[in-house]
Every structure is written in C-alpha cells, then in structure tokens.
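Quick notes on the structure that follows.
The values are calculated or read from the model by the stated rules, or taken from the named source; none is laboratory data. The structure presented is a predicted model; accordingly, all values stated were derived computationally and were not measured. Here the Cβ positions follow ideal geometry from the backbone for every residue, glycine too, while neighbour counts run over all protein chains shown. Areas reflect the complete protein model, heavy atoms only, side chains present, ligands, DNA and RNA absent. Shrake-Rupley method; radii C 1.70, N 1.55, O 1.52, S 1.80 Å.
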Amino acid sequence: MPDRPVLGERAGLDPQGLEARLLSHTLIGALTVALEYWATAELEPAERDDVTGLAASALSVIRFEGL
C-alpha cells in the first residue's frame, strides 16, 4: 500500500507498524462505505452531486486516540 508510509509519517507512526496499517485501512474502509452508499442509496439530486461532502461526513465519524 503506497500511502501507508505517508500516513504513518504524518501521524507519527512507524510506517511499517500495525498502527499505520490500521490507520490506512480504516480510512480506505470509510471511503469505500461512503461510495457504496452514494452508488446504491436513493438520494436527492443535491445529495447525489455532493460526493465529497459524503466522503467528508464518513471520515468525520472516525475517532483516533493518541494521534
């Protein structure tokens, strides 16, 4: 996963460590769920056009302790 070293470094984690892997997979998972929701939900046109807002909303519910 090419982004793990960057995320790990920015978070002050060992890029090859478990915590960096958990961080990268948590972020990828949240974005995946947001895009699946966007693709399958019956959304109003204004909501359908705001995929970046939906992604931001998905990421906003994640809480990281110690970062």
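I want to confirm something. Restricting to region 1-42 and keeping residues that are small (G, A, S) and outside any helix (DSSP H, G or I), which single residue is farthest from F64 (Cα to Cα)?
At the first step, the residues of region 1-42 found to be small (G, A, S) are 8, 11-12, 17, 20, 24, 29-30, 34, 39, 41.
Retained after the next criterion (residues that are outside any helix (DSSP H, G or I)): 12, 17, 41.
Values: G12: 13, G17: 16, A41: 28 Å.
So, considering only residues that are small (G, A, S) and outside any helix (DSSP H, G or I), the one farthest from F64 (Cα to Cα) is A41.
Given the criteria without any contact (Cβ under 8 Å) to a residue 24 or more places away in the chain, among the polar types (S, T, N, Q), loosely packed, with under 11 Cβ neighbours inside 10 Å and part of a helix (DSSP H, G or I), does T52 qualify? Show your work before the answer.
Values: without any contact (Cβ under 8 Å) to a residue 24 or more places away in the chain: yes; among the polar types (S, T, N, Q): yes; loosely packed, with under 11 Cβ neighbours inside 10 Å: yes; part of a helix (DSSP H, G or I): yes.
Yes.
Matching residues to (1) open to solvent by 100 Å² or more (accessible area, probe 1.4 Å); (2) in contact (Cβ under 8 Å) with a residue 60 or more places away in the chain; (3) among the acidic types (D, E):
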residue: E19; (1), (2), (3): yes, no, yes
residue: T32; (1), (2), (3): no, no, no
residue: Y37; (1), (2), (3): yes, no, no
residue: L43; (1), (2), (3): no, no, no
